2 protein chains.
Amino acid sequence: MKALKDYTKEELLDLRTQLEKEYEDAKSRNLKLDMSRGKPSPAQLDTVMPLLDALNSSSDMKTEAGVDVRNYGILEGIPEAKKLMADMIGVNPDRVMVLGNASLPIMFDTVARSMMQGVCGSTPWHKLDKVKFLCPVPGYDRHFGITQMFGIEMINIPMSASGPDMDLVEEYVNNDPAVKGIWCVPKYANPMGISYSDDTVRRFAALKPAAEDFRIYWDNAYAIHHLYEEEQDEILEILSECEKAGNPDMVFQFCSTSKVSFSGAGISAVATSENNLAWMKSSMNFQIIGYDKVNQLRHVRYYKNIDGLKEQMKKHADIMRPKFEAVLQILDENLGGLEIGNWIKPRGGYFISFDAMEGCAKAIVGKCKEAGVTLTGAGATYPYGKDPKDSNIRIAPSFPSPEEMAEAAKLFALCVKLVSVEKLLETA
Amino acid sequence: MKALKDYTKEELLDLRTQLEKEYEDAKSRNLKLDMSRGKPSPAQLDTVMPLLDALNSSSDMKTEAGVDVRNYGILEGIPEAKKLMADMIGVNPDRVMVLGNASLPIMFDTVARSMMQGVCGSTPWHKLDKVKFLCPVPGYDRHFGITQMFGIEMINIPMSASGPDMDLVEEYVNNDPAVKGIWCVPKYANPMGISYSDDTVRRFAALKPAAEDFRIYWDNAYAIHHLYEEEQDEILEILSECEKAGNPDMVFQFCSTSKVSFSGAGISAVATSENNLAWMKSSMNFQIIGYDKVNQLRHVRYYKNIDGLKEQMKKHADIMRPKFEAVLQILDENLGGLEIGNWIKPRGGYFISFDAMEGCAKAIVGKCKEAGVTLTGAGATYPYGKDPKDSNIRIAPSFPSPEEMAEAAKLFALCVKLVSVEKLLETA
């Protein structure tokens, strides 16, 4: 296939006419598909239903240590749930607290606590003139939402296939004391699907922050969310790397079962140093008596251990894989060689990240929407919703059925072509 | 029985010798009882176990409106849970959000949000020189803990059998713009067990706050927690009273099923005006995608409606009543007429509040502890843990069995007598 940029004006005009006809046909099919969020599909959730039988009216409701989970107490989560979540991310259970139904509120509360109380005795951020966070881009819109809400200045850090641009990260973190944090999704990154290389993780661990209260927000959301049995990404465990590098307090790691059991009805965890745990507990003690231990025990009784979690994830992968493959195949067939977009084939996670020609993302998302396919808003993968190149689009294949997904991907490819042709015609 | 203050020194010395002997006997029984917190007993929790069967692997997991509770979404809670919780406190479901596993974090987050963002557009509290909360005393230690953590100045407001001293409340609220809130437990108050009179509620609703961002924190924790079928307290519904009085935005009302279903694994709710709900959601949107809707649906399917909740509470009352009555009977029998303590017989809630002679509470709690009975720390019912008269003690009869409770109450009465005799001997 010839690259679109090598088309003559005449050829582009012909192609546009043809694509516009196809687009009108597509619109007349009245699609109504949503690829906007990383939501599990009903089929995927159905595989989790036996979790609901793990506790019933004749269950023993005590932990191994004899604590009644139906009553108040145990701020840090029941020990067996700590073990389960620790194994999910490969850390020591002593470094883990198991908390509520999702990890986003832990991240939010950690930033809020830093704003109001200061990190481990440092000056509360609200008393500082300027607080900055580094934001690897493209990234997760809800991370950026938290820092934006608190008035924290966000700085874009370009991502590559091995992780964030570490030269830039080091330059900022090691020199600017206003830089207090960085948002990371280190494995099957949202939205790129790549995982941080060992070198990247080691460079993170070896940072020499100008700010004593600088922390890495390590959102290990897709730790066991592989698509394939044979090809699986693994990353270095950041807590122990930071310890080895003499930076034991530098990282908060987050994870949850939001995309293992039920979204918004799972259990979540934070893993960090003893100092950081003590600091977190010092205000959590006032915020809550304890999180939902009944649900923690339900998860422990059902999954039993890390092998149980992995079995669950195999079932999910079997459902997710055909959808990812459908999208990738359609992108290849329809856009391969045209040089109007780039994408990476992920081995896990929930997204495919698509980079269109500069200045085309918003128009593509708009065209898709007009024909009944909702994508994540263009720009959402950047702080302040502003993609400087208007290029990145996040595709979330998890929710629709494979058939719907194929249909949606075809429309998407058509819109990419149509918008790209129009872009090229502007200067042809 | 003669009042202890009318005893001669001789009589007091004789009594002390006798009480000390009794106390040594008691100690030798090696009691190990905990009356420190308002925790449900295992027997009470057992009556809730069928809740766990309400959802199982063959359940329909959709709301009436067809939303899959296993997936993300619905920040404000599922409509049927809103209805259930609204009926518990007698408000319009449109004014309700159903949130996580307990109500304490909602209160904490509401104060935190006021500190950081300001209430409905007002100046964030962290930018003000001084923020004050009124604290009816004796009150709930975890309320005072939140305001203390945020550095908010707490002002004691004496309680009577009809509620807080409203002359004082009006004086502060209507004149001091630094007064931004008041903590209230309006029904079966923690720890006094009294309920606010209609006049008290109306005077609350008719406040003319000097601060536009003044809010009443109305913690309706014991809304349906009656001990008796025939004698039940009812209070006026504060939201509609505030509306009538032209103060629609002045109150946040909180409630939960923490002491209906499982403690820390129930569902919680806030009820407030449309303006306040919009303000809360504006930052909750960044904090969380949605609370645990599976547990919300579980509660709805099991309890069905307010009648189901009331049936549950009857079972709890049958278990709680004998313990309350055992304590009250022992207090009557052992302390009646001695004029060394006052207590009120509550018709609901979780506590009995005991006022010892001035300067005796800490010593009584210490004596009990020494003999194996743990009470809530003396002073805990006051801001900063400081009871100016060292007089109030909170008794929590919910957790021990009736037999244990009787045993503990006898020891308590003994310690009250012993410490009071010693106090009187100081000046005899």
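Read-outs: derived from the displayed coordinates by stated rules, not from any lab. Small disclaimer: the values here were computed from a predicted structure and weren't measured. Glycine also receives a Cβ, built like all others from the backbone with ideal geometry; neighbour counts cover every protein chain displayed.
Checked against (1) touching a helix residue (DSSP H, G or I) at 6+ places or on another chain (Cβ under 8 Å); (2) over 27 Å from A:Ser283 (Cα atoms), A:Glu171 passes all but condition (1).
Just one of the listed residues (B:Arg321, B:Arg301) is within 14 Å of chain A (Cβ to nearest Cβ) and surrounded by fewer than 21 Cβ atoms within 10 Å (Cβ to Cβ), and it is B:Arg301.
Looking only at residues in segment A:355-380 that are without any contact (Cβ under 8 Å) to a residue 24 or more places away in the chain and assigned to a helix (DSSP H, G or I), the one that is farthest from A:Pro164 (Cα to Cα) is A:Lys369. In the set (1) part of a loop (DSSP other than H, G, I, E, B); (2) touching a Ser or Thr at 6+ places or on another chain (Cβ under 7 Å); (3) away from every other protein chain (no Cβ under 14 Å), the condition left unmet by B:Gly246 is number (2). Scanning segment A:167-186 for any residue that is under 22 Å from the mean Cα position of the chain (by Cα), farther than 20 Å from A:Ile89 by Cβ and part of a loop (DSSP other than H, G, I, E, B) turns up nothing. Hey, A:Ala210 hits all of (1) in contact with a Phe, Trp or Tyr (Cβ under 6 Å, 6 or more places away or on another chain); (2) assigned to a loop (DSSP other than H, G, I, E, B) but one; which does it fall short on? The one condition A:Ala210 does not meet is (1). Taken over segment A:258-295, the criterion of being surrounded by 23 or more Cβ atoms within 10 Å (Cβ to Cβ), away from chain B (no Cβ under 14 Å) and in a loop (DSSP other than H, G, I, E, B) is satisfied by A:Thr272 alone.
Among the candidates B:Leu84, B:Leu12, B:Leu51, which residue alone is surrounded by 14 or more Cβ atoms within 10 Å (Cβ to Cβ), within 12 Å of chain A (Cβ to nearest Cβ) and not hydroxyl-bearing (Ser, Thr, Tyr)?
Selected residue: B:Leu51, the only one of B:Leu84, B:Leu12, B:Leu51 that is surrounded by 14 or more Cβ atoms within 10 Å (Cβ to Cβ), within 12 Å of chain A (Cβ to nearest Cβ) and not hydroxyl-bearing (Ser, Thr, Tyr).
Looking across segment B:381-421, the residues that are of a type in the set (Asp, Glu) and assigned to a loop (DSSP other than H, G, I, E, B) come down to B:Asp387, B:Asp390.
May I ask you to say which residue of A:Asn305, A:Asn247 is polar (S, T, N, Q) and more than 17 Å from A:Ile89 (Cβ to Cβ)? Exactly one of A:Asn305, A:Asn247 is polar (S, T, N, Q) and more than 17 Å from A:Ile89 (Cβ to Cβ), namely A:Asn247. Restricted to segment A:62-72, and to residues there that are at the interface with chain B (Cβ under 8 Å from one of its Cβ atoms) and in contact with a Leu (Cβ under 8 Å, 6 or more places away or on another chain), the residue that is farthest from B:Val294 (Cα to Cα) is A:Asp68. Pick from segment A:134-148 the residues that are without any contact (Cβ under 8 Å) to a residue 60 or more places away in the chain and among the hydrophobic types (A, V, I, L, M, F, W, C): which of them is surrounded by the most Cβ atoms within 10 Å (Cβ to Cβ)? Among them, the one singled out is A:Leu134.
Is there any pair with a first residue in segment B:168-184 that is hydrophobic (A, V, I, L, M, F, W, C) and a second that is assigned to a helix (DSSP H, G or I) whose Cβ atoms are under 6 Å apart and which are 6 or more apart or on different chains, and what are they? Matching pairs, first to second residue: B:Val179/B:Tyr172; B:Val179/B:Val173; B:Trp183/B:His143. Taking B:Tyr222 as the residue in question, decide whether it is under 22 Å from B:Pro383 (Cα atoms) and either in a loop (DSSP other than H, G, I, E, B) or out of contact with any helix residue (DSSP H, G or I) (no Cβ under 8 Å at 6 or more places or on another chain) (or both). When the stated conditions are applied, B:Tyr222 passes them.
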